[in-house]
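No lab work stands behind these numbers, since they all come straight from the coordinates. The structure presented is a predicted model; accordingly, all values stated were derived computationally and were not measured. Cβ sites come from the backbone with ideal geometry, for glycine too, and all protein chains shown count toward neighbours.
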Amino acid sequence: MLKGMRLAFFPALLALMCLVAVPATASAADQDQSYGKQAADKFTRGFANTVTGWVEIPKNMVNVSKQQNVAVGLTWGLVKGCLETVGRTVVGAFDLVTFFVPTDEFVHPRYVWKPFEKDTIYGKQQQK
């Protein structure tokens with residue numbers, strides 16, 4: 001009986017810690033949204049980035065070809081796209097697994113296709 005009570009205590013403690021951590025990790029703009037919306041947004045973002053991370057390869061090949069030339073786009077764009085694929089997919093998987101703790105976005109742009117011509121950057125984005 002006591003063992004069952006201890007097992008039920010840990011999920012409740014984890015949930016309480018997540019609820020307490022939300023105001024500390026969420027940005028000021030995100031605090032206006034409800035916890036449910038923040039968690040759903042992070043889950044959606046994580047799922048989309050995990051599934052579509054591979055789109056970074058053609059995106060970078062096209063963008064580097066436009067900036068430099070086709071030969072550089074087919075070589076450096078391919079390498080850069082592979083690296084960005086790993087980065088976006090890992091960040092997406094992390095967001096997907098930890099969706100219950102809303103945090104600021106780490107990968108910009110939020111989705112690989114929006115806008116397609118913008119290079120992917122990681123980290124906290126500066127407010128303008």
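By counting other Cβ atoms within 10 Å of each Cβ, how are GLU117, GLU105 ranked from fewest to most?
Sorted ascending by nearby Cβ count, the order is GLU117, GLU105.
State the extension gain, in nm to one decimal, for the chain segment bounded by PHE94 and CYS82, taking 0.36 nm per residue of separation less the distance between their alpha-carbons.
Taking 0.36 nm per residue and subtracting the Cα distance, the gain is 2.5 nm.
Can you give the alpha-carbon Rg of the stretch 38-128 over 2.2 N^0.38 Å, where N counts its residues?
Computed over Cα atoms of the stretch 38-128, the ratio equals 1.12.
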